[in-house]
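Below you'll find the structure, written out as structure tokens, and then a few comments.
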Amino acid sequence: MASIYKRKGRKNWYIAYFFGGKRRFKNSGTTESKLAKQMANELEADISRGTHKEIKNASTVELYREYLIDKRHRKARTNKSERWPIKAFLRFLKERDSKFPRVSEVSKDDVRAFMKLRYDKKEAVTYNNILGIIKRFFAKAVKIDMTASNPADDIERRKQEDKEIKAFSDSEYRRIERASEGIPIYWMILIGRYTGLRLSEMVNLEWEDVDLEGKVVHVRNKAGHTTKNYKKRVVPLCAEFIEKFRAYYPALKENQTGYVFHPFKCIKAKEGSHYKTMEGRKYAGPGPKNTIVKVLRDAGVYEPGKCFHRLRKSFATSLKNKGVPIGIISEWLGHSSIRITEKYLADVSAWHPAIEQTTLEREESSEKSGNTFGNTFGNTQYGHFLPV
């Protein structure tokens, strides 16, 4: 027969019962005796019916090891960002109980107490992210039968306001171009504006990915870098971009190899400053982000937020305002679903007024300017919609 009891120094009721010829103990997860007694009766009924599934009596440290093994296929940066909140939570439990508790002993009150202590004054987005990590951690425990229920399931997320990422207007972009002329970051700004690539994709872009003859850029997964959702894609290039980009290397060789963009440093001298590019090396750290912030400040268009991502949104906004179907935009941006793209462009009309031009007029202007795709996208009807 199942019975309930309390342990010294603990608020929750515990259930004692027999299963598989052994006496076992379980944390009810509640401080109310009536509810604990009801749970004990239900447990006894499940055992008598043969439907009871025994939970492993594992510690939270064992669960942590299992969780890391399960997530080893993900990016190292993602695993690192999830490890420290889980470690902080486990340390919180150990400091309170002087030992790491069993997984089945962790209750909703424990999760609430941790979130209140560490993240009560944080922004809603931070609070929700940490809560989501803890929830995924215990979801693993439920999956491998270390606990019957997820203690973080019923804890409410905080309401958060989505921060709007504003696209650059045409006049703002011209000011950015003038402010970045002569600085190597100019070419990263250019490719961000004309292709919508993410910063990590630009940093890892190699010459074999850029097909100027075919007028496309290939975004691939490679050693040391994968796209955000592991999705490969091909982004078309317009004639104006190719003309500008050829100036990056006037004597561009057909068999050019290595990274397209290299870090650089400013050399100050009496006769003036100049920039030295470190060939063969790849960007690392916050270098490009810091440089573009300086450029945007000089152009008078800086706003706190994701600066490079604003170039990406400017690319998408131009396509949307010129009538490109959202499915095509989603594919070129590398989004996992059209829903993300719809949310991405929800405020598009507030920043770029739609261009009143018929499809025929667009095609005629495209033919005159030569703004069409190469072999891969040569027959598509959206070639003339690229930013120009």
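The values are calculated or read from the model by the stated rules, or taken from the named source; none is laboratory data. Fair warning: this is a prediction, and the values are worked out from it, not measured in the lab. Glycine also receives a Cβ, built like all others from the backbone with ideal geometry; neighbour counts cover every protein chain displayed.
Tabulated results
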item	result
Helices (runs of 4 or more DSSP H) completely within the range 271-380 that count 2 or more residues being farther than 24 Å from E243 by Cβ and at pLDDT 80 or above	287-299, 307-321, 326-333, 338-344
Output for the range 1-18, where each listed residue is among the hydrophobic types (A, V, I, L, M, F, W, C), surrounded by 17 or more Cβ atoms within 10 Å (Cβ to Cβ) and part of a loop (DSSP other than H, G, I, E, B)	A2
Some residue of the range 157-180 being under 21 Å from Y67 (Cα atoms), in contact (Cβ under 8 Å) with a residue 60 or more places away in the chain and either crowded, with 17+ Cβ neighbours inside 10 Å or over 25 Å from the mean Cα position of the chain (by Cα) (or both)	no
Scope the range 215-243; condition charged (D, E, K, R) and assigned to a loop (DSSP other than H, G, I, E, B); matching residues	K215, R220, K228, K231, K232
Meets criteria (at pLDDT 85 or above, of a type in the set (A, V, I, L, M) and on the phi < 0 side of the Ramachandran plot) for I47	no
Selection status of S200, assigned to a helix (DSSP H, G or I), under 18 Å from the mean Cα position of the chain (by Cα) and over 30 Å from S104 (Cβ atoms)	yes
Helices (runs of 4 or more DSSP H) completely within the range 89-191 that count 1 or more residues being closer than 30 Å to V260 by Cα	170-180
Residue count, the range 1-29 (criterion: charged (D, E, K, R) and more than 15 Å from E105 (Cα to Cα))	2
The lone exception for E82 - which of (1) modelled with pLDDT under 85; (2) within 19 Å of S149 (Cβ to Cβ); (3) touching a helix residue (DSSP H, G or I) at 6+ places or on another chain (Cβ under 7 Å) it fails	(2)
Tabulated pairs, the range 308-321, first in contact (Cβ under 8 Å) with a residue 60 or more places away in the chain, second assigned to a helix (DSSP H, G or I) and small (G, A, S), C-beta under 7 angstrom, 6+ apart or interchain	F308/G192; L311/G192; R312/G192
Residues (of a type in the set (A, V, I, L, M, F, W, C) and over 22 Å from A152 (Cα atoms)) located in the range 11-24	A16, F18, F19
